1. Take the residues in region 103-127 that are of a type in the set (D, E, K, R) and in a helix (DSSP H, G or I), then tell me which one is farthest from Val90 (Cα to Cα).
2. Among Thr331, Thr338, which is within 16 Å of ligand 2 (Cβ to nearest atom), of a type in the set (Val, Ile, Thr), touching a residue at least 40 places away in the same chain (Cβ under 8 Å) and not in a loop (DSSP other than H, G, I, E, B)?
3. Among the listed residues Glu153, Glu175, identify the single one that is over 16 Å from Tyr84 (Cα atoms) and out of contact with any helix residue (DSSP H, G or I) (no Cβ under 6 Å at 6 or more places or on another chain).
4. Search region 288-304 for residues that are closer than 14 Å to Thr314 by Cβ and touching a residue at least 40 places away in the same chain (Cβ under 8 Å) and pair each with any residue that is away from ligand 1 (no atom under 11 Å from the Cβ) and in a helix (DSSP H, G or I) when their beta-carbon atoms are under 6 Å apart and the residues are at least 6 apart or on different chains.
5. Answer yes or no: is there a residue in region 359-376 that is surrounded by fewer than 19 Cβ atoms within 10 Å (Cβ to Cβ) and hydrophobic (A, V, I, L, M, F, W, C).
6. Mind telling me which of the residues Thr80, Thr136 ends up being crowded, with 18+ Cβ neighbours inside 10 Å, assigned to a strand (DSSP E or B), polar (S, T, N, Q) and within 14 Å of ligand 2 (Cβ to nearest atom)?
7. Could you grab the pairs with beta carbons closer than 7 Å, sequence gap of 6+ or different chains, first residue in region 71-83 and over 12 Å from Asp326 (Cα atoms), second one within 16 Å of ligand 1 (Cβ to nearest atom)?
8. Among the residues of region 251-259, are any in a loop (DSSP other than H, G, I, E, B) and within 26 Å of Leu110 (Cβ to Cβ)?
Amino acid sequence: MLNSPSTTLIRGKFLDIQQTVSNPEDITQQMRYVDDGLMWCENGKIHWFGTWQDAQAILPKGISVRHYPEQLIVPGFIDTHIHYPQTEMVGAYGEQLLSWLNTYTFPTELQFQDKGYADKIAQFFLHELLKNGTTTALVFCTVHLESVDALFEHAAQLNMRVIAGKVLMDRHAPEGLCDTAETGYQQSKALIEKWHGKGRALYAITPRFAPTSTPEQLAKAGQLKQEYPDVYVHTHLSENKDEIAWVKSLFPEQTGYLDVYHHFGLTGERSVFAHCVHLEDEEWNCMHDTQSAIAFCPTSNLFLGSGLFPLAKTWEKQVKVGLGTDIGAGTSFSQLQTINEAYKVQQLQGNKLSAPEAFYHATLGGARALHLDDKLGNFSLGKEADFVVLDLHPTALQQLRQSHAKSIEDRLFALFTMGDDRNIAATYVYGQCVYQTEG
Ligand code: GUN
Ligand code: ZN
(Lines give C-alpha, C1' and ligand atoms only; values in the text may rest on other atoms or scores of the structure.)
(Ligands and ions follow the chains in the order given, each with its own letter.)
Protein backbone atom coordinates (compact mmCIF):
# COMPACT_ATOMS: atom_id res chain seq x y z
CA MET A 1 0.00 0.00 0.00
CA LEU A 2 1.33 3.46 -0.90
CA ASN A 3 1.28 6.23 1.69
CA SER A 4 -0.60 9.33 0.66
CA PRO A 5 1.67 12.45 0.55
CA SER A 6 -0.06 13.77 3.66
CA THR A 7 0.90 10.68 5.70
CA THR A 8 4.26 10.21 7.46
CA LEU A 9 5.10 7.34 9.80
CA ILE A 10 8.26 7.42 11.89
CA ARG A 11 9.64 4.63 14.06
CA GLY A 12 12.42 5.16 16.60
CA LYS A 13 13.38 6.32 20.08
CA PHE A 14 11.30 9.33 21.16
CA LEU A 15 11.75 11.83 23.98
CA ASP A 16 9.45 14.70 24.95
CA ILE A 17 7.96 16.51 27.94
CA GLN A 18 4.28 15.86 28.45
CA GLN A 19 3.06 18.86 30.47
CA THR A 20 4.14 22.39 31.27
CA VAL A 21 5.30 22.79 34.88
CA SER A 22 5.65 25.58 37.42
CA ASN A 23 8.62 24.04 39.21
CA PRO A 24 11.83 22.73 37.61
CA GLU A 25 11.87 19.69 39.92
CA ASP A 26 8.68 18.46 38.24
CA ILE A 27 10.19 18.28 34.75
CA THR A 28 11.84 14.86 35.10
CA GLN A 29 8.56 13.16 35.93
CA GLN A 30 7.01 14.77 32.85
CA MET A 31 9.73 13.39 30.56
CA ARG A 32 8.44 10.60 28.34
CA TYR A 33 10.95 8.27 26.73
CA VAL A 34 9.69 5.63 24.32
CA ASP A 35 12.51 3.27 23.39
CA ASP A 36 10.76 1.83 20.33
CA GLY A 37 7.87 4.03 19.30
CA LEU A 38 5.78 5.10 16.34
CA MET A 39 4.57 8.55 15.40
CA TRP A 40 1.88 8.75 12.74
CA CYS A 41 1.42 12.18 11.14
CA GLU A 42 -1.57 13.13 9.00
CA ASN A 43 -1.89 16.50 7.26
CA GLY A 44 0.91 17.98 9.34
CA LYS A 45 -0.48 16.93 12.72
CA ILE A 46 0.24 14.08 15.11
CA HIS A 47 -2.48 11.54 14.50
CA TRP A 48 -1.18 8.67 16.64
CA PHE A 49 1.78 8.21 18.98
CA GLY A 50 2.73 5.21 21.07
CA THR A 51 4.89 2.12 21.32
CA TRP A 52 5.78 0.12 18.20
CA GLN A 53 4.17 -2.87 19.88
CA ASP A 54 0.83 -1.09 20.41
CA ALA A 55 1.03 0.25 16.85
CA GLN A 56 0.75 -3.29 15.42
CA ALA A 57 -2.97 -3.32 16.15
CA ILE A 58 -3.68 -0.15 14.16
CA LEU A 59 -1.10 -0.11 11.35
CA PRO A 60 -2.59 -0.81 7.92
CA LYS A 61 -0.80 -3.68 6.12
CA GLY A 62 1.99 -2.62 3.77
CA ILE A 63 2.12 1.02 4.89
CA SER A 64 5.67 2.35 4.73
CA VAL A 65 7.41 3.44 7.90
CA ARG A 66 10.67 5.41 8.13
CA HIS A 67 12.85 3.79 10.79
CA TYR A 68 15.59 5.60 12.75
CA PRO A 69 16.89 2.77 14.92
CA GLU A 70 19.97 4.50 16.35
CA GLN A 71 18.85 8.12 16.68
CA LEU A 72 16.77 10.09 19.21
CA ILE A 73 13.65 11.90 18.01
CA VAL A 74 12.63 15.05 19.91
CA PRO A 75 10.22 17.94 19.30
CA GLY A 76 11.57 20.67 17.01
CA PHE A 77 13.58 23.32 18.85
CA ILE A 78 12.05 26.74 19.43
CA ASP A 79 14.11 29.91 19.11
CA THR A 80 12.32 32.72 20.93
CA HIS A 81 14.54 35.55 19.66
CA ILE A 82 16.62 35.93 16.50
CA HIS A 83 17.36 38.57 13.82
CA TYR A 84 17.46 37.12 10.31
CA PRO A 85 19.09 40.19 8.68
CA GLN A 86 22.04 39.80 11.06
CA THR A 87 22.93 36.33 9.78
CA GLU A 88 25.94 37.63 7.84
CA MET A 89 27.40 39.62 10.76
CA VAL A 90 27.81 36.96 13.46
CA GLY A 91 31.09 37.52 15.27
CA ALA A 92 31.48 41.30 14.83
CA TYR A 93 34.47 42.24 16.98
CA GLY A 94 34.99 44.38 19.97
CA GLU A 95 31.86 46.37 20.87
CA GLN A 96 29.11 46.32 23.47
CA LEU A 97 25.45 46.83 22.59
CA LEU A 98 25.09 50.51 21.66
CA SER A 99 28.31 50.90 19.67
CA TRP A 100 27.83 47.39 18.19
CA LEU A 101 24.46 48.58 16.79
CA ASN A 102 25.95 51.71 15.22
CA THR A 103 29.16 50.14 13.96
CA TYR A 104 27.93 46.85 12.54
CA THR A 105 24.18 46.31 12.78
CA PHE A 106 22.64 49.36 11.20
CA PRO A 107 24.88 49.29 8.08
CA THR A 108 24.04 45.59 7.63
CA GLU A 109 20.30 46.13 7.99
CA LEU A 110 20.29 48.96 5.39
CA GLN A 111 20.75 46.32 2.67
CA PHE A 112 17.29 44.85 3.27
CA GLN A 113 15.46 47.57 1.36
CA ASP A 114 16.45 45.40 -1.62
CA LYS A 115 13.91 42.55 -1.92
CA GLY A 116 16.36 40.41 -3.89
CA TYR A 117 18.91 40.65 -1.11
CA ALA A 118 16.28 39.98 1.56
CA ASP A 119 15.14 36.88 -0.40
CA LYS A 120 18.65 35.53 -0.57
CA ILE A 121 19.37 35.95 3.14
CA ALA A 122 15.89 34.77 4.22
CA GLN A 123 16.43 31.50 2.35
CA PHE A 124 19.88 31.04 3.81
CA PHE A 125 18.57 31.84 7.29
CA LEU A 126 15.66 29.38 7.18
CA HIS A 127 17.93 26.63 5.91
CA GLU A 128 20.36 27.35 8.76
CA LEU A 129 17.53 27.09 11.32
CA LEU A 130 16.44 23.72 9.93
CA LYS A 131 20.00 22.48 9.75
CA ASN A 132 20.19 23.17 13.48
CA GLY A 133 16.88 21.48 14.29
CA THR A 134 14.99 24.71 14.92
CA THR A 135 11.49 24.50 13.52
CA THR A 136 9.88 27.60 15.04
CA ALA A 137 11.35 31.05 15.59
CA LEU A 138 10.31 34.51 16.69
CA VAL A 139 12.20 36.72 14.27
CA PHE A 140 13.21 40.36 13.87
CA CYS A 141 13.19 41.57 10.26
CA THR A 142 14.29 45.15 9.42
CA VAL A 143 12.28 48.35 9.07
CA HIS A 144 11.67 47.50 5.39
CA LEU A 145 8.40 45.87 4.29
CA GLU A 146 10.38 43.85 1.76
CA SER A 147 12.32 42.14 4.52
CA VAL A 148 9.10 40.84 6.10
CA ASP A 149 7.60 39.65 2.81
CA ALA A 150 10.82 37.82 1.99
CA LEU A 151 10.89 35.90 5.27
CA PHE A 152 7.21 34.96 5.29
CA GLU A 153 7.23 33.96 1.60
CA HIS A 154 10.12 31.54 2.05
CA ALA A 155 8.81 30.21 5.39
CA ALA A 156 5.47 29.51 3.66
CA GLN A 157 7.24 27.39 1.04
CA LEU A 158 8.59 25.24 3.87
CA ASN A 159 5.34 25.33 5.85
CA MET A 160 7.27 26.66 8.85
CA ARG A 161 5.64 28.28 11.85
CA VAL A 162 7.43 31.60 11.98
CA ILE A 163 6.46 34.68 13.98
CA ALA A 164 7.97 37.89 12.61
CA GLY A 165 7.44 41.57 12.04
CA LYS A 166 8.69 44.83 10.61
CA VAL A 167 10.99 46.78 12.90
CA LEU A 168 9.61 50.10 14.15
CA MET A 169 12.29 52.78 14.51
CA ASP A 170 11.72 56.52 14.20
CA ARG A 171 14.79 57.98 15.94
CA HIS A 172 18.45 57.40 16.87
CA ALA A 173 19.15 55.37 13.73
CA PRO A 174 20.29 56.16 10.15
CA GLU A 175 17.66 57.79 7.94
CA GLY A 176 17.37 54.75 5.68
CA LEU A 177 16.36 52.64 8.68
CA CYS A 178 13.74 55.00 10.08
CA ASP A 179 9.99 55.08 9.53
CA THR A 180 7.62 57.48 11.30
CA ALA A 181 4.98 56.84 13.93
CA GLU A 182 2.33 56.97 11.20
CA THR A 183 4.09 55.02 8.40
CA GLY A 184 5.29 52.42 10.89
CA TYR A 185 1.71 51.95 12.02
CA GLN A 186 0.25 51.81 8.49
CA GLN A 187 2.89 49.41 7.18
CA SER A 188 2.60 47.10 10.18
CA LYS A 189 -1.17 47.09 9.79
CA ALA A 190 -0.88 46.16 6.12
CA LEU A 191 1.54 43.34 6.99
CA ILE A 192 -0.76 42.02 9.72
CA GLU A 193 -3.63 41.93 7.23
CA LYS A 194 -1.42 40.21 4.67
CA TRP A 195 0.34 37.63 6.85
CA HIS A 196 -1.07 37.08 10.35
CA GLY A 197 -2.74 33.66 10.44
CA LYS A 198 -1.96 32.94 6.80
CA GLY A 199 -0.87 29.29 6.83
CA ARG A 200 1.43 29.02 9.82
CA ALA A 201 2.62 32.66 9.76
CA LEU A 202 2.02 34.88 12.77
CA TYR A 203 2.78 38.59 13.07
CA ALA A 204 4.71 40.40 15.80
CA ILE A 205 4.59 44.17 16.32
CA THR A 206 8.33 44.85 16.60
CA PRO A 207 9.56 48.13 18.09
CA ARG A 208 13.35 47.60 18.09
CA PHE A 209 13.76 48.92 21.67
CA ALA A 210 12.58 51.98 23.57
CA PRO A 211 15.53 54.26 22.60
CA THR A 212 14.78 54.03 18.86
CA SER A 213 11.07 54.82 19.11
CA THR A 214 9.48 58.14 20.06
CA PRO A 215 6.62 58.08 22.57
CA GLU A 216 4.32 58.73 19.56
CA GLN A 217 5.55 55.61 17.83
CA LEU A 218 5.15 53.46 20.94
CA ALA A 219 1.62 54.85 21.36
CA LYS A 220 0.80 53.82 17.77
CA ALA A 221 2.28 50.38 18.41
CA GLY A 222 -0.01 50.08 21.47
CA GLN A 223 -2.98 51.17 19.35
CA LEU A 224 -2.16 48.45 16.82
CA LYS A 225 -1.99 45.85 19.59
CA GLN A 226 -5.44 46.96 20.77
CA GLU A 227 -6.82 46.67 17.25
CA TYR A 228 -5.26 43.21 16.75
CA PRO A 229 -5.08 41.65 20.23
CA ASP A 230 -3.94 38.25 18.99
CA VAL A 231 -0.77 39.48 17.28
CA TYR A 232 2.53 39.35 19.18
CA VAL A 233 4.75 42.10 20.57
CA HIS A 234 8.50 41.49 20.26
CA THR A 235 11.23 43.81 21.51
CA HIS A 236 14.38 44.11 23.65
CA LEU A 237 14.49 44.94 27.36
CA SER A 238 17.21 45.58 29.98
CA GLU A 239 20.09 44.04 28.10
CA ASN A 240 22.93 46.44 28.86
CA LYS A 241 23.57 48.97 31.65
CA ASP A 242 24.25 51.95 29.31
CA GLU A 243 21.08 51.13 27.41
CA ILE A 244 19.04 51.15 30.65
CA ALA A 245 20.49 54.52 31.70
CA TRP A 246 19.67 55.91 28.22
CA VAL A 247 16.05 54.73 28.45
CA LYS A 248 15.71 56.34 31.88
CA SER A 249 16.95 59.66 30.47
CA LEU A 250 14.66 59.45 27.41
CA PHE A 251 11.53 58.50 29.37
CA PRO A 252 11.82 60.33 32.72
CA GLU A 253 8.07 60.07 33.33
CA GLN A 254 8.19 56.27 33.51
CA THR A 255 9.31 54.38 36.63
CA GLY A 256 11.77 52.20 34.68
CA TYR A 257 12.53 50.49 31.37
CA LEU A 258 9.69 47.94 31.38
CA ASP A 259 7.25 50.62 32.51
CA VAL A 260 7.81 52.35 29.15
CA TYR A 261 6.43 49.34 27.27
CA HIS A 262 3.75 48.70 29.90
CA HIS A 263 2.57 52.31 29.76
CA PHE A 264 1.99 52.02 26.00
CA GLY A 265 0.04 48.74 26.28
CA LEU A 266 2.84 46.55 24.98
CA THR A 267 3.04 43.98 27.81
CA GLY A 268 0.85 40.85 27.77
CA GLU A 269 0.59 37.12 27.21
CA ARG A 270 1.81 37.42 23.61
CA SER A 271 4.65 39.84 24.43
CA VAL A 272 8.22 38.56 24.32
CA PHE A 273 11.08 40.63 25.73
CA ALA A 274 14.60 39.64 24.72
CA HIS A 275 17.34 39.58 27.38
CA CYS A 276 15.95 41.01 30.68
CA VAL A 277 19.42 40.60 32.20
CA HIS A 278 19.12 43.49 34.66
CA LEU A 279 15.42 43.62 35.63
CA GLU A 280 14.48 45.24 38.92
CA ASP A 281 12.15 43.53 41.34
CA GLU A 282 9.04 45.50 40.38
CA GLU A 283 9.81 44.72 36.74
CA TRP A 284 9.86 40.98 37.50
CA ASN A 285 6.48 41.44 39.18
CA CYS A 286 5.12 43.31 36.14
CA MET A 287 6.40 40.53 33.82
CA HIS A 288 4.53 38.01 35.95
CA ASP A 289 1.34 40.04 36.35
CA THR A 290 1.05 40.75 32.63
CA GLN A 291 2.07 37.14 31.69
CA SER A 292 4.79 38.53 29.45
CA ALA A 293 7.65 36.24 28.43
CA ILE A 294 11.45 36.47 28.34
CA ALA A 295 13.86 35.25 25.66
CA PHE A 296 17.07 34.19 27.43
CA CYS A 297 19.96 34.63 24.96
CA PRO A 298 23.15 33.36 26.62
CA THR A 299 25.56 33.40 23.66
CA SER A 300 24.58 37.00 22.94
CA ASN A 301 24.76 38.13 26.57
CA LEU A 302 28.29 36.73 26.80
CA PHE A 303 29.43 37.93 23.38
CA LEU A 304 28.31 41.55 23.93
CA GLY A 305 29.38 41.46 27.58
CA SER A 306 25.83 42.32 28.64
CA GLY A 307 25.64 40.28 31.85
CA LEU A 308 24.43 37.03 33.40
CA PHE A 309 20.72 36.28 33.13
CA PRO A 310 19.26 35.00 36.43
CA LEU A 311 17.27 32.02 35.14
CA ALA A 312 16.25 30.85 38.64
CA LYS A 313 14.25 34.09 39.02
CA THR A 314 11.89 32.97 36.25
CA TRP A 315 10.77 30.05 38.45
CA GLU A 316 10.73 32.14 41.62
CA LYS A 317 8.62 34.87 39.98
CA GLN A 318 6.72 32.51 37.66
CA VAL A 319 7.67 34.33 34.48
CA LYS A 320 7.59 32.44 31.17
CA VAL A 321 10.98 32.02 29.49
CA GLY A 322 12.37 30.47 26.31
CA LEU A 323 15.82 30.28 24.74
CA GLY A 324 16.94 32.68 22.03
CA THR A 325 20.03 32.54 19.85
CA ASP A 326 19.86 36.29 19.12
CA ILE A 327 21.89 35.92 15.93
CA GLY A 328 23.90 38.10 15.08
CA ALA A 329 24.86 39.23 18.62
CA GLY A 330 24.49 35.57 19.49
CA THR A 331 27.17 33.33 18.08
CA SER A 332 25.38 30.13 17.04
CA PHE A 333 22.14 29.04 15.39
CA SER A 334 22.28 25.85 17.45
CA GLN A 335 19.97 25.44 20.43
CA LEU A 336 22.40 22.78 21.66
CA GLN A 337 25.20 25.37 21.75
CA THR A 338 22.79 27.89 23.27
CA ILE A 339 22.06 25.44 26.10
CA ASN A 340 25.80 24.81 26.51
CA GLU A 341 26.34 28.52 27.16
CA ALA A 342 23.15 28.82 29.25
CA TYR A 343 24.55 26.16 31.57
CA LYS A 344 27.79 28.13 32.03
CA VAL A 345 25.94 31.40 32.62
CA GLN A 346 24.03 29.65 35.42
CA GLN A 347 27.21 28.04 36.82
CA LEU A 348 28.73 31.51 37.19
CA GLN A 349 25.77 32.36 39.42
CA GLY A 350 25.81 29.18 41.51
CA ASN A 351 22.72 27.78 39.77
CA LYS A 352 22.60 24.34 38.14
CA LEU A 353 20.77 24.10 34.81
CA SER A 354 19.81 20.43 34.56
CA ALA A 355 19.48 18.65 31.22
CA PRO A 356 15.70 18.09 31.66
CA GLU A 357 15.20 21.79 32.44
CA ALA A 358 17.28 22.84 29.42
CA PHE A 359 15.33 20.41 27.21
CA TYR A 360 12.09 21.90 28.56
CA HIS A 361 13.15 25.47 27.69
CA ALA A 362 14.16 24.43 24.16
CA THR A 363 10.85 22.64 23.47
CA LEU A 364 7.61 22.82 25.49
CA GLY A 365 8.69 25.75 27.68
CA GLY A 366 9.70 27.72 24.59
CA ALA A 367 6.32 26.93 23.04
CA ARG A 368 4.64 28.21 26.19
CA ALA A 369 6.71 31.41 26.10
CA LEU A 370 5.37 31.93 22.56
CA HIS A 371 1.80 31.14 23.65
CA LEU A 372 1.88 28.14 21.31
CA ASP A 373 1.97 25.24 23.77
CA ASP A 374 -1.46 24.14 22.54
CA LYS A 375 0.10 23.57 19.09
CA LEU A 376 3.80 22.80 19.60
CA GLY A 377 6.43 21.53 22.01
CA ASN A 378 5.73 17.79 22.41
CA PHE A 379 4.15 14.72 20.79
CA SER A 380 0.61 15.17 22.13
CA LEU A 381 -2.09 14.07 19.71
CA GLY A 382 -3.34 16.85 17.46
CA LYS A 383 -0.18 18.95 17.83
CA GLU A 384 1.75 20.09 14.77
CA ALA A 385 4.30 17.50 13.68
CA ASP A 386 7.57 19.44 13.90
CA PHE A 387 10.40 17.22 15.12
CA VAL A 388 14.12 16.55 14.93
CA VAL A 389 16.08 13.34 14.50
CA LEU A 390 19.24 13.62 16.59
CA ASP A 391 22.45 11.71 16.04
CA LEU A 392 24.02 11.36 19.49
CA HIS A 393 27.48 10.43 18.25
CA PRO A 394 28.51 12.26 15.07
CA THR A 395 32.13 12.62 16.27
CA ALA A 396 34.63 10.24 17.84
CA LEU A 397 34.65 12.27 21.06
CA GLN A 398 30.85 12.30 21.36
CA GLN A 399 30.81 8.58 20.56
CA LEU A 400 33.25 7.90 23.40
CA ARG A 401 31.40 10.16 25.84
CA GLN A 402 27.97 8.72 24.97
CA SER A 403 29.28 5.18 25.37
CA HIS A 404 29.91 6.09 29.03
CA ALA A 405 26.51 7.76 29.59
CA LYS A 406 24.69 6.35 32.58
CA SER A 407 21.12 7.59 32.04
CA ILE A 408 18.94 9.47 29.59
CA GLU A 409 19.66 12.68 31.57
CA ASP A 410 23.41 12.08 31.23
CA ARG A 411 23.04 11.39 27.49
CA LEU A 412 21.12 14.64 27.07
CA PHE A 413 23.59 16.62 29.13
CA ALA A 414 26.53 15.38 27.05
CA LEU A 415 24.57 16.19 23.88
CA PHE A 416 23.92 19.73 25.12
CA THR A 417 27.53 20.28 26.14
CA MET A 418 29.17 18.95 22.99
CA GLY A 419 26.46 19.06 20.35
CA ASP A 420 25.86 21.35 17.39
CA ASP A 421 24.54 21.12 13.83
CA ARG A 422 26.51 17.91 13.26
CA ASN A 423 24.03 16.21 15.60
CA ILE A 424 21.00 17.02 13.45
CA ALA A 425 20.33 14.00 11.23
CA ALA A 426 16.95 15.20 9.93
CA THR A 427 14.36 17.90 10.55
CA TYR A 428 10.65 17.49 9.90
CA VAL A 429 8.23 20.40 9.57
CA TYR A 430 4.49 19.82 9.53
CA GLY A 431 5.07 16.10 8.97
CA GLN A 432 7.47 16.50 6.05
CA CYS A 433 11.24 16.03 5.98
CA VAL A 434 12.74 19.42 5.11
CA TYR A 435 16.39 18.72 5.99
CA GLN A 436 18.54 15.64 6.23
CA THR A 437 22.23 14.84 6.27
CA GLU A 438 23.58 12.61 3.57
CA GLY A 439 23.85 8.90 4.22
N1 GUN B 1 18.78 46.07 21.15
C2 GUN B 1 18.28 46.81 20.13
N3 GUN B 1 18.55 46.26 18.94
C4 GUN B 1 19.24 45.13 19.19
C5 GUN B 1 19.80 44.12 18.35
O6 GUN B 1 19.72 44.15 17.12
N7 GUN B 1 20.44 43.11 18.99
C8 GUN B 1 20.54 43.06 20.35
N9 GUN B 1 21.18 42.04 20.91
N10 GUN B 1 20.04 43.99 21.14
C11 GUN B 1 19.40 45.01 20.57
ZN1 ZN C 1 18.05 40.86 19.59
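1. First pass over region 103-127, keeping only residues of a type in the set (D, E, K, R): 109, 114-115, 119-120.
Subset that is in a helix (DSSP H, G or I): 109, 115, 119-120.
Working: Glu109: 13, Lys115: 21, Asp119: 19, Lys120: 17 Å.
Out of the qualifying residues, it is Lys115.
2. Values: Thr331 fails: not in a loop (DSSP other than H, G, I, E, B).
Checking each option against the conditions leaves just Thr338.
3. Glu175
4. Ala293/Ala369; Pro298/Glu341; Pro298/Ala342; Pro298/Val345
5. Scanning region 359-376, I find no residue that is surrounded by fewer than 19 Cβ atoms within 10 Å (Cβ to Cβ) and hydrophobic (A, V, I, L, M, F, W, C), so the answer is no.
6. Of Thr80, Thr136, the one residue that is crowded, with 18+ Cβ neighbours inside 10 Å, assigned to a strand (DSSP E or B), polar (S, T, N, Q) and within 14 Å of ligand 2 (Cβ to nearest atom) is Thr80.
7. Correct list of pairs: Ile78/Gly322.
8. No, region 251-259 has no match at all.
The values are calculated or read from the model by the stated rules, or taken from the named source; none is laboratory data. Keep in mind the model is a prediction, meaning the values are calculated, not measured. No Cβ is skipped: glycine too gets one built from the backbone with ideal geometry, and neighbour counts run over all protein chains shown.
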